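See below for the structure under consideration.
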Amino acid sequence: MGGEPSRGSIVTRMYWWLVNTISRMLESDEREVVLGDIAESKEPGSQALCNVLGLVVRRQAIVWAGWRPWLTLAGLILPLGMLLSVASRTTSDGSAVYIWLYANNWDWALLSNPGFWRVLAETIALLFMWYLTMACWAWTAGFVLGSVSRRMIKINGVLLCLMFLFGELVGAPRYFAYCEDYLHRTFGVPAMPDYHAAVFDVTFYRAMFPLIVQTLLVALPALWGMRRGAGSVRLGLRFRVALWTAAFATLAAMLMQERGLWLFLNMHIANTYLHPGPGMGWAIRLLQFVVFWPVMYLVANAIGRRCYGRIVPV
């Protein structure tokens, strides 16, 4: 048919889309020069893709010849990516149960029941807090990663997203299976019956919803946080110290939230966390409040830009 694009034109557009996408891993000045040379030479898309890809590989090989990128990968990207994937899967599975109760078991007669509206409001508030906490964890992790690797923010963003994908599809399911087996072998905890089998028999809640949660509440906030973290170097020293203190407190709260890690370390530590005394309980509540510092930071930043000019580079 005359109105349909030819296969060649589709492939050509795909080549040039890849050229533009991969070239973003170069420095902005070098990227402009490279794309300008390609436009002047009028070389085909396949050749332009090979040239840009080769240049990116050579530039990355120089960067990865040092020890700092490997330390960032092993010390931040891998553990944070896995921890956020586990937290994301916990959040998605927990919220899927509530969503399934309303979406898959809806009854219009409930609208006339005052108790239903009260329970619905409580459920919405609970899910909102879960999602906000997850997004703040991810934003903070990205902020820390962007702050310590400003020159590699693009490649580290790609690596972090790949770690999220691996954690969601492979790491988190195996982690939960190992936790259950560890509890059974070490402490004799019997396997819990699957009360939510009906929920996860639905493909959407079992496979698609966790990916949606991880994309919207983990990947996008983390990339946003990386961008802000890379620009935090322009802030004053005291402000940076305050932000780093809040960031590390948030990461500590995220670690404390994952109870399986404490079980692996020591059962006594886990019991102390699950049944904290007055002092530790106060500390945990304070950390849970500090988790929301990205919201206060972004709001203050927006107000400052409107009233006094830009505070943090966007």
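Rule-based calculations on the coordinates, nothing more; no lab input. What you are looking at is a predicted structure, and each value in this text was computed from that prediction instead of being measured. Cβ sites come from the backbone with ideal geometry, for glycine too, and all protein chains shown count toward neighbours.
How far apart, in nm, are the 7 Å Cα→Cβ label points at residue 169 and residue 245?
Going from the residue 169 label point to the residue 245 one covers 4.3 nm.
What is the local net charge at residue 299, summed over the other residues whose Cβ is closer than 12 Å to its Cβ (Lys, Arg +1; Asp, Glu -1)?
Working: positive: 305, 306; negative: none.
Neighbour charge sum, excluding residue 299 itself: +2.
If I take R0 = 41 Å and measure r between the Cβ atoms of residue 99 and residue 307 in this structure, what FRET efficiency does the formula 1/(1 + (r/R0)^6) give, to the nearest 0.05?
Numbers: r = 40 Å, r/R0 = 0.97.
Once the sixth-power term is evaluated, E becomes 0.55.
Taking the Cα of residue 119, stepping 7 Å toward and past its beta carbon, and measuring to each backbone N in the stretch 79-107: which are under 16 Å?
Residues 97-107 fall inside that zone.
Could you tell me the calculated FRET efficiency between residue 111 and residue 176, based on Cβ-Cβ distance and R0 = 51 angstrom, to the nearest 0.05?
0.90
Quick check for me: using +1 on Lys/Arg Cβ and -1 on Asp/Glu Cβ, what's the dipole size of the stretch 3-63 about its Cα centre, in debye to the nearest 20? Show your work: numbers first, answer last.
Working: 7 positive and 8 negative charges, 55 e Å.
Dipole magnitude for the stretch 3-63 comes out near 260 debye.
Mind running the shape call on the stretch 144-233? Use the C-alpha gyration tensor, a ≥ b ≥ c as the square roots of the eigenvalues: rounded below 1.5 for a/c, prolate if a/b tops b/c, oblate otherwise. Before the final figure, lay out the partial values.
Working: a/c = 3.42, a/b = 1.96, b/c = 1.75.
Here the stretch 144-233 falls in the prolate category.
Need one word for the stretch 84-211: rounded, prolate or oblate. Basis is the Cα gyration tensor (sqrt eigenvalues a ≥ b ≥ c); a/c below 1.5 gives rounded, then a/b vs b/c decides. Let's see the in-between values first.
Numbers: a/c = 2.34, a/b = 1.39, b/c = 1.68.
Because a/c hits 1.5 or more and a/b fails to exceed b/c, the stretch 84-211 counts as oblate.
For the pair residue 289 and residue 62, how long in nm is the line joining their label points, each one 7 Å along Cα→Cβ?
Between residue 289 and residue 62, the simple spin-label model gives 5.0 nm.
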